[in-house]
Amino acid sequence: MKKIYAVFCLLFAGFSFAFATGSSDSSKTIVMGALIRNLNETFVRDYADNLKKLARENNVQLKLLDGNGDVATQLDQLKTLLSQGVKYFVIIPQDTGATEQMAQLIKAKDGAAAFSNIQPSVAALKTSTNFYFASSPETVAGEYQAKIIDDYFKKYPAKAPNKIINMILINGQLGHPAQVNRRRGVINGLKSRGWQVNIVVEDTANWGAAEAQAKMDAWLAAFAGKFNVVVAQNDDMALGAIESMLINKYTDNPNDVTKDVDGDGTVLRVPVLGIDATETGRRSMAESKMYATVLQDSVGQSTTAFELVYQCAVNGTAIGYTTRSGLAAATRVTDEEPVTDAAVLAQCFLVPFKPVTR
């Protein structure tokens with residue numbers, strides 16, 4: 001009897017996440033496709049790495065493909081996986097406009113998908129209740145940047161006389177939902193706090209450090225002394241701008257670029273903010289270079305997307321599901337798609353941003 005009990009305990013301990021979610025057939029290996037728009041960005045790489053980890057832990061066969069920033073390539077990859085019998089997908093799409101077509105193709109195979117990072121259209125989610133949004137509201141990221149800037153200049157009012165903020169703004173890919181909504185969030189967030197916001201100069205650096213560094217080199221030559229904050233829409237671009245400022249000695253002490261002379265938390269003459277809270281971004285903060293960032297939780301987003309699709313594969317739906325981290329579907333509409341339509345709220349799982357300061 002004791003031997004039988006011991007065997008039962010070992011079997012129970014070895015049950016996968018599928019058992020915990022109520023699967024009636026945990027022995028069947030689930031095949032999941034992961035269509036990732038571009039693995040060049042730190043956040044996206046971290047997202048993909050966590051998907052691989054989750055797949056290993058839950059006995060899921062993951063077919064992960066890099067779309068290399070091309071809509072047609074990603075659509076071809078989807079069609080190929082569907083032809084191979086894959087029905088369940090986690091997708092970081094190339095753009096919102098392609099998501100309805102993707103949803104229709106997946107629905108035709110009675111499949112399911114969770115979209116992250118790039119918002120799906122409302123129409124895509126309305127294709128079926130087996131399509132989900134597992135991401136973070138981008139406007140909130142900009143609003144957190146606004147709050148951090150507000151707190152900084154309240155602490156150091158002499159750095160923004162007459163409540164005027166002269167901003168250099170480094171955008172991500174123009175027209176990208178994150179670019180549009182993060183920009184709106186930071187500017188409106190500052191204006192709502194009583195600041196006059198002047199954009200000294202802005203341009204895209206397409207989420208990349210090298211492009212941001214080159215842009216900052218030119219801007220320092222043209223606008224040195226005319227701006228009091230640099231806002232980048234991700235950490236990679238913030239780090240590129242910081243590298244330019246260090247090389248050009250746009251620092252508290254040009255003779256020792258490691259010294260935070262005025263004790264404001266950065267060795268640079270003005271604070272530089274990012275978004276993502278990547279490992280390199282946090283290290284820069286620890287070195288008093290980047291002033292602050294906002295956590296876009298790649299692990300939280302990818303885990304949520306994975307769990308939703310897994311639920312569909314195991315139980316047929318994720319409607320009404322609460323993730324293991326305690327996240328449930330949205331309950332109210334916002335002004336940021338696709339959460340603008342009450343009809344799809346049950347399919348929208350919003351992973352929160354978090355401000356990260358020293």
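The values are calculated or read from the model by the stated rules, or taken from the named source; none is laboratory data. The model shown is predicted, which means the values in this text are computed figures rather than measured ones. Cβ: placed from backbone, ideal geometry, glycine included. Neighbour counts: every protein chain shown. These accessible areas exclude ligands, DNA and RNA; they are computed on the full protein's heavy atoms, side chains included. Shrake-Rupley method; radii C 1.70, N 1.55, O 1.52, S 1.80 Å.
Entry comment: accessible area of the range 57-99 is 42 Å² per residue, from protein heavy atoms only and a probe of 1.4 Å. Straight-line cross-link reach from LYS354 at under 29 Å between alpha-carbon atoms covers these lysines, not counting any fewer than eight positions away in the same chain: LYS52, LYS53, LYS147, LYS154, LYS155, LYS159, LYS163, LYS191, LYS215, LYS259, LYS289.
Computed from Cα atoms, the angle from the helix 42-57 axis to the main principal axis of the chain rounds to 20 degrees. Within the range 104-210, none of the chymotrypsin sites (Phe, Trp or Tyr not before Pro) combine a DSSP coil assignment with at most 12 other C-beta atoms in a 10 angstrom radius.
Annotation: extensible slack from ASP49 through ASN68 equals 5.2 nm (criterion: 0.36 nm per residue apart, minus Cα-Cα distance). Against the set (i) 42, 31, 24; (ii) 42, 22, 19; (iii) 36, 27, 20, the structure's computed semi-axes √(5λ) of the Cα gyration tensor in Å falls on (ii). Principal-axis analysis of the Cα atoms of the chain puts helix 2-13 at an angle of about 50° to the longest axis. Note on the chain: helix-only mean residue ellipticity at 222 nm, from DSSP H runs of 4+ residues weighted -39500 (n - 2.57) and normalised by residue number, equals -13000 deg cm²/dmol. Relative to the longest principal Cα axis of the chain, at what angle does helix 138-155 sit, 0 to 90 degrees, rounded to 10? Its long axis makes an angle of about 30 degrees. Carbon-plus-sulfur accessible fraction, the chain (probe radius 1.4 Å, protein heavy atoms only): 52%.
The Stokes-Einstein estimate for the range 170-248, based on a Kirkwood radius over Cα pairs and taken at 20 °C with 1.002 mPa s viscosity, is a diffusion coefficient of 166 µm²/s. Each residue, THR80 and LYS354, gets one label point 7 Å from its Cα in the Cβ direction; the gap between the two is 3.7 nm. Taking every DSSP beta bridge that has both ends in the chain, the antiparallel portion is near 10%. Remark: the range 108-152 carries 25 Å² of accessible area per residue (probe radius 1.4 Å; ligands, DNA and RNA excluded). Averaging Cα coordinates gives a centre for the range 207-278 and one for the range 140-167; these two points are 16 Å apart. Applying both filters, DSSP loop and at most 15 other Cβ atoms within 10 Å, to the trypsin sites (Lys or Arg not before Pro) of the range 100-150 gives LYS109. Relative to its residue count, the range 202-358 spans a Cα convex hull of 137 Å³ per residue. Magnitude of the charge dipole for the range 237-278, about its Cα centre and with charges confined to Cβ atoms of Lys, Arg (+1) and Asp, Glu (-1), is about 140 debye.
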